[in-house]
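Asker: Would you mind keeping the following structure in view while I ask a few things?
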Amino acid sequence: MFALVDCNSFYASCEQVFRPDLRGKPVIVLSNNDGCVIARSKEAKALGIPGFEPYFKIRDYVDRHEVAVFSSNFALYGDLSNRVMRILKHYSPDVEIYSIDEMFLSLSGLKVDCAEYAQEIRQGVWQQARIPVGVGVAPTKTLAKLANKVAKASERAQGVCVLNTVEKRSWVLQRTAVTEVWGVAQRTAKRLAELGIYSAWDLATAHPKQVRRHSNVCLERTMTELNGVPCLALEALPPAKQQIYCTRSFGQPTKALEPILEAVSLYASRAGEKLRRQNHLAGCMQVFIHTSPHKPSYRSVSCLVPMIPTDDTRLLVHAARTAVQSLYCRGYDYIKAGVGLLELKDKKEYQPDLFQQPPSEKSQAFLQVLDALNRRQGKGTLFMAAQGIRKPWYMKQEHRSQQYTTRWSELPCVK
């Protein structure tokens with residue numbers, strides 16, 4: 001049996017952890033630059049606030065209903081996610097972190113009542129992290145995904161759904177649209193509709209060879225999983241990223257070159273940190289800048305910068321700044337820039353060129369100290385001066401909450 005534990009309205013729930021006065025009240029979280037709604041508490045959804053709606057369109061409605069508004073605070077969300085995952089690891093020896101707010105647990109070999117154990121998991125996470133979660137339990141990962149949706153949607157389920165019988169599984173599949181099945185995209189659903197397959201039950205009971213002619217082996221595995229036969233095992237370690245991008249819109253348009261140079265320096269530095277975290281080297285960099293597509297004289301330019309494979313932040317920053325200087329043209333209001341690391345190679349398997357000078361031990365030691373201090377003291381404790389100090393171009397965060405768990409100056413005060 002597999003259990004999928006999924007946090008409820010995760011970003012909104014994170015904002016309520018250190019604000020117990022907001023529990024049971026409508027809360028929304030905005031995207032970068034306070035652009036769109038990306039998370040809503042249950043109470044905000046009940047008010048009819050749609051997801052991904054531009055904030056400026058609903059500002060009056062939000063104020064009228066006294067909805068709590070927060071800018072995205074990813075440092076807080078990432079830290080609380082780590083706490084939840086550490087708690088969940090105590091409930092099973094075999095786990096898979098699927099996303100920032102989801103984890104699969106294997107219950108095989110555990111002599112427990114699945115429903116009672118799932119409730120114990122919910123209560124344990126709430127007691128230790130104050131994050132509400134839903135738990136779906138089923139014989140396969142695909143069914144556990146569906147069970148989790150039922151656990152969240154049904155009041156009678158009380159946050160837990162266990163599909164441990166054929167009858168329960170059939171009941172859920174018959175009431176689930178095929179587009180709700182894990183791994184079935186809209187394009188695939190259109191092809192399935194031509195075969196008369198509209199629900200998860202239709203897909204589970206369809207003839208595999210007929211479906212295979214219109215799709216691929218992945219969908220055939222999904223059909224097998226819907227019938228209670230596991231095809232997908234837990235992944236102990238997430239696969240390494242094939243590309244690493246860091247892009248942001250500016251808080252305000254800029255015509256000057258210096259703010260853009262500071263921005264790409266920051267993005268290259270953050271991308272380099274992620275690169276070292278997965279122990280890879282980058283052999284190529286993409287850099288782009290563009291103006292608003294909604295205004296006349298739209299300009300979007302990018303370039304690829306070949307590099308000797310490296311993970312050194314200083315070299316990445318230098319390459320990004322050099323690229324931007326070649327892309328920049330005066331007279332335009334730039335609103336966004338980005339840096340991408342491509343052609344990633346595993347550091348352990350990379351063989352340098354015979355005439356290439358390997359990185360010095362001092363450089364490697366410097367990068368290790370840089371990452372260690374930023375992990376311990378908080379992101380941005382040590383940074384390249386090229387990133388700038390005041391950052392007037394930085395994205396808008398007018399409603400950001402405190403970074404309660406990752407910044408010493410913003411620790412919660414108890415009176």
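Asker: Can you name the residue in the stretch 315-329 that is touching a Leu at 6+ places or on another chain (Cβ under 8 Å) and not aliphatic (A, V, I, L, M) and, of all such residues, is surrounded by the most Cβ atoms within 10 Å (Cβ to Cβ)?
Answerer: Residues of the stretch 315-329 that are touching a Leu at 6+ places or on another chain (Cβ under 8 Å), as a first pass: 316, 321, 324-325, 328.
Add one more test, that the residue is not aliphatic (A, V, I, L, M), and what stays is 321, 325, 328.
Details: Arg321: 18, Gln325: 12, Tyr328: 16.
If we take residues in the stretch 315-329 being touching a Leu at 6+ places or on another chain (Cβ under 8 Å) and not aliphatic (A, V, I, L, M), then Arg321 is surrounded by the most Cβ atoms within 10 Å (Cβ to Cβ).
Asker: For the stretch 12-59, name all the residues that are among the aromatic types (Phe, Trp, Tyr), open to solvent by 50 Å² or more (accessible area, probe 1.4 Å) and within 20 Å of Phe74 (Cα to Cα).
Answerer: Residues of the stretch 12-59 that are among the aromatic types (Phe, Trp, Tyr), as a first pass: 18, 52, 55-56.
Adding the requirement that they be open to solvent by 50 Å² or more (accessible area, probe 1.4 Å) leaves 18, 52, 56.
Hits for the stretch 12-59 are Phe18, Phe52.
Asker: From Tyr394, Tyr328, Tyr404, Tyr334, grab the single residue that is touching a Gly at 6+ places or on another chain (Cβ under 6 Å) and modelled with pLDDT of 85 or more. Walk me through it before giving the result.
Answerer: Numbers: Tyr328 fails: touching a Gly at 6+ places or on another chain (Cβ under 6 Å); Tyr404 fails: touching a Gly at 6+ places or on another chain (Cβ under 6 Å); Tyr334 fails: touching a Gly at 6+ places or on another chain (Cβ under 6 Å).
Criteria check complete, one pass: Tyr394.
Asker: Also, I was wondering about something else. State yes or no: is Ala271 closer than 27 Å to Glu398 by Cβ and either among the basic types (Lys, Arg) or open to solvent by less than 60 Å² (accessible area, probe 1.4 Å) (or both)? Quick ask: steps written out before the conclusion?
Answerer: Details: closer than 27 Å to Glu398 by Cβ: yes; either among the basic types (Lys, Arg) or open to solvent by less than 60 Å² (accessible area, probe 1.4 Å) (or both): yes.
Here the answer is yes, as Ala271 does meet what is asked.
Asker: Still on this structure, please answer the following. Only one residue in Ala147, Ala157 is in contact with a helix residue (DSSP H, G or I) (Cβ under 8 Å, 6 or more places away or on another chain) and part of a loop (DSSP other than H, G, I, E, B), so which one is that?
Answerer: Details: Ala147 fails: part of a loop (DSSP other than H, G, I, E, B).
Within the list Ala147, Ala157, the selection yields Ala157.
Asker: A further question on this structure: Just wondering, is there one or more residues in the stretch 72-89 that are free of Cβ contacts under 8 Å to residues at least 12 places away in the same chain and open to solvent by less than 60 Å² (accessible area, probe 1.4 Å)? Please lay out each step first, then the result.
Answerer: Taking the stretch 72-89 as the starting set, the residues that turn out to be free of Cβ contacts under 8 Å to residues at least 12 places away in the same chain are 74, 82, 86, 89.
Subset that is open to solvent by less than 60 Å² (accessible area, probe 1.4 Å): none.
No - not one qualifying residue is present in the stretch 72-89.
Asker: State yes or no: is Thr381 in contact with a helix residue (DSSP H, G or I) (Cβ under 6 Å, 6 or more places away or on another chain), among the hydroxyl-bearing types (Ser, Thr, Tyr) and modelled with pLDDT of 85 or more? Don't jump to the end; show me each part of the working.
Answerer: Numbers: in contact with a helix residue (DSSP H, G or I) (Cβ under 6 Å, 6 or more places away or on another chain): yes; among the hydroxyl-bearing types (Ser, Thr, Tyr): yes; modelled with pLDDT of 85 or more: yes.
So Thr381 passes the test.
Asker: Restricting the stretch 112-142 to residues that are of a type in the set (A, V, I, L, M, F, W, C) and within 25 Å of Tyr77 (Cα to Cα), which is surrounded by the most Cβ atoms within 10 Å (Cβ to Cβ)?
Answerer: Filtering the stretch 112-142 down to residues of a type in the set (A, V, I, L, M, F, W, C) leaves 112, 114-115, 118, 121, 125-126, 129, 131, 133, 135, 137-138.
Of the ones still in play, those that are also within 25 Å of Tyr77 (Cα to Cα) are 118, 121, 125-126, 129, 131, 133, 135.
Numbers: Ala118: 28, Ile121: 23, Val125: 21, Trp126: 14, Ala129: 21, Ile131: 21, Val133: 30, Val135: 28.
So, considering only residues that are of a type in the set (A, V, I, L, M, F, W, C) and within 25 Å of Tyr77 (Cα to Cα), the one surrounded by the most Cβ atoms within 10 Å (Cβ to Cβ) is Val133.
Asker: Asn33 fails exactly one of the following numbered conditions: (1) part of a strand (DSSP E or B); (2) touching a residue at least 40 places away in the same chain (Cβ under 8 Å). What is the number of that condition?
Answerer: The number of the failed condition is (1).
Asker: Next question, about the same structure. Given the condition part of a helix (DSSP H, G or I) and either buried (at least 17 other Cβ atoms within 10 Å of the Cβ) or touching a His at 6+ places or on another chain (Cβ under 6 Å) (or both), answer yes or no: does some residue in the stretch 235-256 qualify?
Answerer: Here is the first cut: in the stretch 235-256, the ones part of a helix (DSSP H, G or I) are none.
So far as the stretch 235-256 goes, no, none of its residues is part of a helix (DSSP H, G or I) and either buried (at least 17 other Cβ atoms within 10 Å of the Cβ) or touching a His at 6+ places or on another chain (Cβ under 6 Å) (or both).
Asker: Still on this structure, please answer the following. Filter the stretch 143-178 for residues that are touching a Ser or Thr at 6+ places or on another chain (Cβ under 9 Å) and within 17 Å of Ala206 (Cα to Cα); which is most open to solvent (accessible area, probe 1.4 Å)?
Answerer: The residue in question is Arg175.
Asker: Of all residues in the stretch 347-384, which are within 30 Å of Lys396 (Cα to Cα), without any contact (Cβ under 8 Å) to a residue 12 or more places away in the chain, open to solvent by less than 50 Å² (accessible area, probe 1.4 Å) and part of a helix (DSSP H, G or I)?
Answerer: Once the filter is applied, which keeps residues that are within 30 Å of Lys396 (Cα to Cα), without any contact (Cβ under 8 Å) to a residue 12 or more places away in the chain, open to solvent by less than 50 Å² (accessible area, probe 1.4 Å) and part of a helix (DSSP H, G or I), the stretch 347-384 yields only Ala372.
Asker: Further question on the same structure: Does Ala206 satisfy being closer than 30 Å to Thr291 by Cα and either free of Cβ contacts under 8 Å to residues at least 12 places away in the same chain or surrounded by 13 or more Cβ atoms within 10 Å (Cβ to Cβ) (or both)? So that I can check it myself, show each step before the final result.
Answerer: On the way: closer than 30 Å to Thr291 by Cα: no; either free of Cβ contacts under 8 Å to residues at least 12 places away in the same chain or surrounded by 13 or more Cβ atoms within 10 Å (Cβ to Cβ) (or both): yes.
Answer is no for this residue.
Asker: Let me ask you something else. If you take the residues in the stretch 385-396 that are open to solvent by less than 70 Å² (accessible area, probe 1.4 Å) and touching a helix residue (DSSP H, G or I) at 6+ places or on another chain (Cβ under 7 Å), which one is farthest from Ala12 (Cα to Cα)? Before you say what the answer is, go through the steps one by one.
Answerer: Narrowing the stretch 385-396 to residues open to solvent by less than 70 Å² (accessible area, probe 1.4 Å): 386-388, 391, 393-395.
Right, trim to touching a helix residue (DSSP H, G or I) at 6+ places or on another chain (Cβ under 7 Å) and you get 386-388, 391, 393, 395.
On the way: Ala386: 34, Gln387: 30, Gly388: 31, Lys391: 27, Trp393: 27, Met395: 20 Å.
So the residue we want is Ala386.
Asker: With the requirement that a residue be touching a residue at least 60 places away in the same chain (Cβ under 8 Å) and open to solvent by 50 Å² or more (accessible area, probe 1.4 Å), what does the stretch 397-415 give you? Talk me through it step by step, then tell me what you get.
Answerer: We begin by selecting, within the stretch 397-415, every residue touching a residue at least 60 places away in the same chain (Cβ under 8 Å); these are 397-407, 412.
If the condition is that a residue be touching a residue at least 60 places away in the same chain (Cβ under 8 Å) and open to solvent by 50 Å² or more (accessible area, probe 1.4 Å), then Gln397, Glu398, His399, Arg400, Gln402, Arg407, Pro412 are the ones that fit.
Asker: Take the residues in the stretch 294-342 that are among the charged types (D, E, K, R) and farther than 14 Å from Arg276 by Cα; name whichever of them is farthest from the chain's Cα centre (by Cα). Explain how you work it out, then say what you get.
Answerer: Pass one, the stretch 294-342, residues among the charged types (D, E, K, R): 295, 299, 311-312, 314, 321, 330, 333, 336.
If we keep only those that are farther than 14 Å from Arg276 by Cα too, we end up with 295, 299, 321, 330, 333, 336.
Values: Lys295: 30, Arg299: 29, Arg321: 28, Arg330: 36, Asp333: 30, Lys336: 21 Å.
So the residue we want is Arg330.
Asker: Out of the stretch 318-346, which residues are of a type in the set (A, V, I, L, M) and either in a loop (DSSP other than H, G, I, E, B) or within 23 Å of Asn33 (Cβ to Cβ) (or both)? Don't jump to the end; show me each part of the working.
Answerer: Step one: of the stretch 318-346, the residues of a type in the set (A, V, I, L, M) are 319-320, 323-324, 327, 335, 337, 339, 341-342, 344.
Matches in the stretch 318-346: Ala320, Val324, Leu327, Ile335, Ala337, Val339.
Asker: Could you check the stretch 287-302 and list, in sequence order, the residues that are more than 28 Å from Asp371 (Cα to Cα) and in a strand (DSSP E or B)?
Answerer: Filtering the stretch 287-302 down to residues more than 28 Å from Asp371 (Cα to Cα) leaves 290-302.
Listed by number, the residues that qualify are His290, Thr291, Ser300, Val301, Ser302.
Asker: Could you tell me whether the stretch 94-114 includes any residue that is part of a helix (DSSP H, G or I), of a type outside the set (A, V, I, L, M) and in contact with a Lys or Arg (Cβ under 8 Å, 6 or more places away or on another chain)? Quick ask: steps written out before the conclusion?
Answerer: Filtering the stretch 94-114 down to residues part of a helix (DSSP H, G or I) leaves 114.
Then keep just the ones that are of a type outside the set (A, V, I, L, M); that gives 114.
Next, only the ones that are in contact with a Lys or Arg (Cβ under 8 Å, 6 or more places away or on another chain) stay: none.
The answer is no, given that none of the residues of the stretch 94-114 is part of a helix (DSSP H, G or I), of a type outside the set (A, V, I, L, M) and in contact with a Lys or Arg (Cβ under 8 Å, 6 or more places away or on another chain).
The values are calculated or read from the model by the stated rules, or taken from the named source; none is laboratory data. Source: prediction; values computed, not measured. Using ideal geometry, Cβ is built from the backbone for each residue, glycine included, and neighbour counts are taken over all protein chains shown. With ligands, DNA and RNA removed, areas are computed over all heavy atoms of the protein, side chains included. Shrake-Rupley method; radii C 1.70, N 1.55, O 1.52, S 1.80 Å.
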